[in-house]
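Novice: Below is a structure I'd like to ask you about.
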Number of protein chains: 2
Amino acid sequence: MIPPALTRLSRVWFPTKKRPASGVENGHAMLIRAGFLRPSHAGIFHMLPLGRRVQTKLEELVARHMEHMLAASRVSLSAVSSQSLWDKSGRLENTASELFKFSDRKNVGYLLAPTHEEEITALVAQTAKTAKDLPLRLFQITPKYRDEFRPRHGLLRGREFVMKDLYTFDSSKESALKTYDNVRLVYSQIFEEMKLPVLAAKASSGNMGGNLSHEYHLPTPLGEDHVISCDSCNYVANEEVAESVLSDQVVSDTTFRVWRGITKDRTKLVNVWYPKQTQPLDGGALREYTDLDINIAEVKSIIPDLDAGVEDALPLWSTAAAAGGTAVELVNIVDCRLPLSFSESLVGTTPTIPSWPKNLTPRNQVPVSVSVQNTNQWNKDRPLNLIRIQTGDKCPSCVSGHLKAERAMELGHTFYLGTRYSEALGATILVPNDERKAVPMQMGCYGIGISRIIGAVAELLMDEKGLNWPVAIAPYSCVIVMGAGVDEQDAVEVYRQINQIGRVQAKYLDVVLDDRQKTLPWKLMDADLVGFPIIVTLGREWLAAKRLEIQCRRLGVKQAVEITELPQIIAKLHGDL
Amino acid sequence: MIPPALTRLSRVWFPTKKRPASGVENGHAMLIRAGFLRPSHAGIFHMLPLGRRVQTKLEELVARHMEHMLAASRVSLSAVSSQSLWDKSGRLENTASELFKFSDRKNVGYLLAPTHEEEITALVAQTAKTAKDLPLRLFQITPKYRDEFRPRHGLLRGREFVMKDLYTFDSSKESALKTYDNVRLVYSQIFEEMKLPVLAAKASSGNMGGNLSHEYHLPTPLGEDHVISCDSCNYVANEEVAESVLSDQVVSDTTFRVWRGITKDRTKLVNVWYPKQTQPLDGGALREYTDLDINIAEVKSIIPDLDAGVEDALPLWSTAAAAGGTAVELVNIVDCRLPLSFSESLVGTTPTIPSWPKNLTPRNQVPVSVSVQNTNQWNKDRPLNLIRIQTGDKCPSCVSGHLKAERAMELGHTFYLGTRYSEALGATILVPNDERKAVPMQMGCYGIGISRIIGAVAELLMDEKGLNWPVAIAPYSCVIVMGAGVDEQDAVEVYRQINQIGRVQAKYLDVVLDDRQKTLPWKLMDADLVGFPIIVTLGREWLAAKRLEIQCRRLGVKQAVEITELPQIIAKLHGDL
């Protein structure tokens, strides 16, 4: 594409508002106020020119890594998939509540795809038939859809979102695992280029299939995940799979607490028993726990049907118990720090602990099965730890280090899928030397949340003046702002000086002239709000002494320079941002 | 984006098949065979890397014209719109059968937007409040959705398709019409750059609103529209709005024919009476007409509810008539070439022409209202011409010229909308000097069918060997093919020589090396199938005498050249293609 001779802000539509709507403003509100996007419906957004530009730059950055570093080919699959295809993989039912489903005029069932394992596997199955057709690495950057129960925080959890999804097809498990490692490496480089401090954490595979998976987390208090990292070794895991060395003990076996949950079918009440206080083995202050410290993921590993969204489980279970008809159950789960005698006191003919909630239909009127679980049923060697890992816990990997637990936002995910989809959808290759035998391909899938990165960067780097973009994805790297009385030809000359820099490292430097008919302070406020990484001003200093002012809020730079020094200084800043 | 040092075909996934599946192959079948795309569901396609590349180039070409020539800003609206918004504009009901509709988990109604007048008007209404905020020109290039009754011909009539849609907002009708003219000019330039012989035809506005509209047609036998153009002046119109000077007369008033249609509600039978033969006034051979010559658009202008998709109307109406309950009607419409006495003979107490179909419930058993229409009810000065304009008819504009009627494919459409949407959705601006009074904005909307252009170009330019792309949208401008025994370093040197050409006029020249482990004839067949505009071969001539072969099928070029002559010759070809 031919760049125009000069890019002018007067020709770009980005409606900004100078005043925030409320006192405390989050990244999403600021993206709206700075004219990057507008919400159109719940969890659905229109991207305005500046937002689209950020998105395009981010897409190109990610695509470049996919193509040049992984030799991946770019495709573009339809957002529409068929319910019958998803039925084959078994995910139509599994993920039903999150799918936007619809039918056409002939009553054929479709859905808006949240991910494309089914479609790409069916596509490759048609085409690749032998090991010679592999490996294949196919990626796309397209909108995805998920009917979130509670869309929130703008781009961070929307119902329509743009994702980069890469799918890999190998002929053996060994090469698939090598592919997996390569992609992990490239993911690090991508986040590095954006200068984002992303942690790659071991993760669980959920309903994707396979058994090797990592999440790429940006630590931020707005995150909905918890990521655990060691201060001494390279151990990083998300909370669901993280382990810690148990390094505390209960202070007294009488100080316990209970958190109550319920299953989605409302028939099973779950009592989670945990200590009120523990004493770290290496001394230090007492630790006190509340319901917020319960490791829900661990509870779910025992009760997969747990409804984590319920605040008050008792009335729901009480209703189900009173209604009769279905058998109700009461499951007691006991944290390993509580002694065996505690578990025993919950059951038997005369339980001394009131596991049966008060204010409920008397026990003898409802037939209920009561059980106790106090060991880790998946791994007998691992104690049943129902308390979230705490900052300060000991690292399970290096043992000497201490763990840090922090809230984080997932920006990417890598999965080694194995044959989960290739088997279900018939993506097979013939075995060499035995043309009659076919084996399923070895697959991997690898996502990066494009929309989510935009929302996360806005949130992470904003300050009270406005947004702050890494140059790699800024709508423009540099804006030239001219005050009253400045000759536009001078600004154009400054533009040319900066524009000739071209590229710094991998990052293209683009510049725009703010030629709008507004005052200098108005334009500078707007430039801060939008978050251009570099602002060059032709103001009073220019009129007086032909000196420009360079500002770079993120680096705390503000200096007056001669036009001759300009390209060198800007190239340096551009490299640092 | 940084281009890699060298682009290799071995790293691009495009599964080709050397043999066509059937004898006669259309453009869509060839796009599949050459690995550009794959159908996934009825009227829905996955774009493979080559197809996506063509689409991206086309998008960038169109976007460049929007941004540089019209100062339009690029946005990206969600594919999802809400049913309530479409209800406000009145289009939810009007276009219901073609909308993909669905509900979310909270039972809120959404739809996949086929176009975005509603969303963009609602967006601009929030933001622009005074004449100073206008003019606005906003465009996007995004997927659109339409639940076609019969999706066919691949990208030419799909259910998911990519469209460029531009929306303009002006503060007065005068400036809106000026905008309209500017866009028309830019549309010509866009088609010119692709070297497509597109005709801009006057058109009707259909259900879009407004009263000024043009269609941009590519003449092709596969087209579903008919476009009429004059061989002498610049008169071009689509059939719906075209007029011609009546220049024939009936040979005898007894030779008539009847075409029967029916309304969608099945209560109204439409008899269209037309001459079997006419005699051109300026002499020449007799013209004979059949039902295929009926101008359905003209019939629809009288009977808007006509169901054009019905092949045999009689049984449907007969059933409705026999069922009773609803009043049935019989409308006779008479072509202006048949004499008044003919119309008279259809009605009255003793009609001599059997307008009442035989084999039907006897007339006296069903109460039916019978009418005759033989004048143009919209324009009394214009005769009621029910016969399609024929090649050779006289031009209504210059009178001396003769018209050409040909099948064509609509690639773009421009509409001056006026206040059709701004009024319904409250997009108003305050009147200068009267801050209490608001007037609706003046709008225009302007589409270009991106997917459709790809399908149309494939169809139009293909030959028996494969596809043929204009360089402006070719997946790569030039491929370098090397035979056995050629040193790859030589091919890389040729690559460098061509790559340094860069841009020719507005068109970027990109080159790719076919380094796949295949024979030279196999690779040349593949290159022809894919349709690279320029093929450079290092074959036996290279080994013997360091001479390359340049091929360009579309221009009939095949010549041996020295490497020193290469850049100049290729730049010349690139400019011509």
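The values are calculated or read from the model by the stated rules, or taken from the named source; none is laboratory data. Please read all numbers here as calculations on a predicted model, not as lab measurements. Don't worry about glycine lacking a Cβ; one is built from the backbone with ideal geometry, like all the others, and counts go over all protein chains shown. Accessible surface is based on the protein model in full, side chains and every heavy atom, while ligands, DNA and RNA are left aside. Shrake-Rupley method; radii C 1.70, N 1.55, O 1.52, S 1.80 Å.
Novice: What does the net charge come to around residue B:548 if you take all other residues with beta carbon closer than 13 Å to its beta carbon, with K and R at +1 and D and E at -1?
Specialist: Net charge around residue B:548: -2.
Novice: While we're here: Tell me, what is the FRET efficiency for residue A:439 and residue B:541 to the nearest 0.05, using R0 = 45 angstrom and their Cβ-Cβ distance as r?
Specialist: E(calc), rounded to 0.05, equals 0.50.
Novice: Evaluated at 37 °C with a viscosity of 0.692 mPa s, what Stokes-Einstein diffusion coefficient in µm²/s does the protein assembly as shown have when Rh comes from the Kirkwood expression over alpha-carbon pairs?
Specialist: 95
Novice: So in chain B, which Cys have no other cysteine's beta-carbon sitting under 4.7 angstrom from theirs?
Specialist: Among the cysteines of chain B, those whose Cβ sits 4.7 Å or more from every other are B:336, B:445, B:478, B:552.
Novice: Related question: For helix A:117-127, what angle does its Cα long axis make with the longest principal axis of chain A, in degrees from 0 to 90 and rounded to 10?
Specialist: Result, in degrees: 70.
Novice: Students often forget the sequence filter, so: which lysines lie under 27 Å Cα-Cα from residue A:546 once same-chain residues fewer than 8 apart are removed?
Specialist: Those lysines meeting the cut-off are A:518, A:523, A:558, A:572.
Novice: Placing the label point 7 Å from Cα along the Cα-to-Cβ direction, what are the distances from residue B:431 to the equivalent spots in the other copies, shortest first, in nm to one decimal?
Specialist: Its label point is 8.5 nm from the equivalent points in the other copies.
Novice: What's the ranking of B:53-62, A:159-168, A:94-103 by average number of surrounding C-beta atoms within 10 Å, highest first?
Specialist: A:159-168, B:53-62, A:94-103
Novice: Follow-up. Label-to-label distances across copies for residue B:316, with labels 7 Å out along Cα→Cβ, in nm, shortest first?
Specialist: Spelled out, the distances from residue B:316's label point are 5.2 nm.
Novice: Please report the equivalent ellipsoid semi-axes of region A:476-576, computed as sqrt(5 x eigenvalue) of the Cα gyration tensor, largest first, in whole Å.
Specialist: 20, 15, 13
Novice: Run the label-point distances for residue A:101 please: 7 Å along Cα to Cβ, every other copy, nanometres, shortest first.
Specialist: Ordered by distance, the counterparts are at 1.9 nm.
Novice: Could I ask something else about it? Against the longest principal axis of chain B, how steep is helix B:450-461, in degrees 0 to 90 to the nearest 10, with axes from Cα atoms?
Specialist: 80
Novice: Which Cα, out of B:7, B:234, B:471, lies furthest along the positive dipole direction of chain B (beta carbon charges, K/R +1, D/E -1)?
Specialist: Value: B:7.
Novice: Still on this model: If you bin every alpha carbon distance in chain B into 10 Å steps from zero, what whole percent lands in each bin?
Specialist: Per 10 Å bin, starting at 0, the Cα pair percentages come out as 3, 14, 21, 21, 19, 13, 6, 2, 1, 0.
Novice: Counting helices only, and only those DSSP H runs with n ≥ 4, report the 222 nm mean residue ellipticity of the protein assembly as shown as the sum of -39,500 (n - 2.57) divided by its residues, in deg cm²/dmol to the nearest 500.
Specialist: Taken over the protein assembly as shown, the calculation gives -7500 deg cm²/dmol.
Novice: In whole angstrom, how far apart do the alpha carbon centroids of region B:459-524 and region B:186-204 sit?
Specialist: 28
Novice: Hey, got the average number of other protein chain Cβ atoms within 10 angstrom for residues in B:118-130?
Specialist: 2
Novice: Here's a follow-up. Quick query: amide H of residue B:100 versus all other amide H atoms, modeled in the peptide plane; which residues come in under 5 Å with a sequence gap of 5 or more or a different chain?
Specialist: Hits under the 5 Å cutoff: B:112, B:147.
Novice: Relative contact order (percent) for region A:476-576, with alpha-carbon contacts under 8 angstrom and 6 or more residues of separation?
Specialist: Taking the mean separation of contacting Cα pairs over the length of region A:476-576, I get 32 percent.
Novice: Where the centroid of each part is defined by its Cα atoms, how far is region B:109-174 from region A:269-289 in Å?
Specialist: For region B:109-174 versus region A:269-289, the Cα centre distance is 59 Å.
Novice: Give me the distance in nm between label points sitting 7 Å out from Cα along the Cα-to-Cβ direction at residue B:561 and residue B:181, one decimal.
Specialist: 4.3
Novice: Give me the distance in nm between label points sitting 7 Å out from Cα along the Cα-to-Cβ direction at residue A:286 and residue A:105, one decimal.
Specialist: 7.3
Novice: At a Förster distance of 45 Å, what's the computed FRET efficiency of residue B:461 paired with residue A:150, Cβ-Cβ distance as r, to 0.05?
Specialist: For residue B:461 and residue A:150, the calculated efficiency is 0.30.
Novice: Here is a follow-up. Determine, from the Cβ-Cβ distance of residue B:279 and residue B:87 and an R0 of 41 Å, the FRET efficiency 1/(1 + (r/R0)^6), rounded to the nearest 0.05.
Specialist: Here the calculated transfer efficiency is 0.15.
Novice: What number, in percent, do you get for the relative contact order of region B:6-142 if the mean sequence gap of Cα pairs under 8 Å and at least 6 apart is divided by its residue count?
Specialist: Relative CO of region B:6-142 lands at 20 percent.
Novice: How crowded by other chains is A:64-77, given as the mean number of beta carbons from other chains within 10 Å of each beta carbon?
Specialist: Other-chain Cβ atoms within 10 Å of each residue's Cβ, averaged: 5.
Novice: So which aspartates and glutamates pass the test for residue B:394, namely a Cα distance under 13 Å, with those fewer than 8 places away in the same chain ruled out?
Specialist: Straight-distance partners of residue B:394: B:231, B:243, B:248, B:282.
Novice: Another one. Under the classification rounded if a/c is under 1.5, otherwise prolate if a/b is larger than b/c and oblate if not, where does region A:3-130 fall, given a ≥ b ≥ c as square roots of the Cα gyration tensor eigenvalues?
Specialist: The shape class here is oblate.
Novice: Shifting gears a bit: Take the residue pairs A:106/B:57; A:101/B:106; B:178/B:507; A:106/B:144; A:101/A:173 and return only those whose Cα atoms are more than 25 Å apart.
Specialist: A:106/B:57; B:178/B:507; A:101/A:173
Novice: Still on this structure: Could you check the spin-label model distance between residue B:293 and residue A:220? Points 7 Å from the Cα along Cα→Cβ, value in nm.
Specialist: Simple spin-label model gives 6.9 nm for this pair.
Novice: Ok, one more. Averaged across B:38-47, how many Cβ atoms of other chains sit within 10 Å of each residue's Cβ atom?
Specialist: That works out to 6 on average.
Novice: Here is a follow-up. Could you please state how large a percent of the accessible area of chain A is carbon and sulfur, counting protein chains only and using a 1.4 Å probe?
Specialist: Heavy-atom surface of chain A belonging to carbon and sulfur, 1.4 Å probe: 50 percent.
Novice: Which residue is it, in chain A, that holds its beta carbon closest to the axis of the A-onto-B rotation, and how many whole angstrom away?
Specialist: A:102, 2
Novice: When a/c is below 1.5 the answer is rounded, else prolate if a/b is larger than b/c, else oblate, so apply that to region A:387-538 with a ≥ b ≥ c taken from the square roots of the Cα gyration tensor eigenvalues.
Specialist: Verdict is oblate for region A:387-538.
Novice: Under 8 Å for C-alpha pairs, at least 6 residues apart: give me the relative contact order for chain A, rounded to a whole percent.
Specialist: Result for chain A is 17 percent.
Novice: Next question, about the same structure. To the nearest 20 debye, what charge dipole does region A:126-264 have about its Cα centre, counting +1 at the Cβ of each Lys and Arg and -1 at the Cβ of each Asp and Glu?
Specialist: 600
Novice: Another question, then. Helix B:488-499 against the longest principal axis of chain B: what's the angle in degrees, Cα atoms only, rounded to the nearest 10?
Specialist: Result, in degrees: 50.
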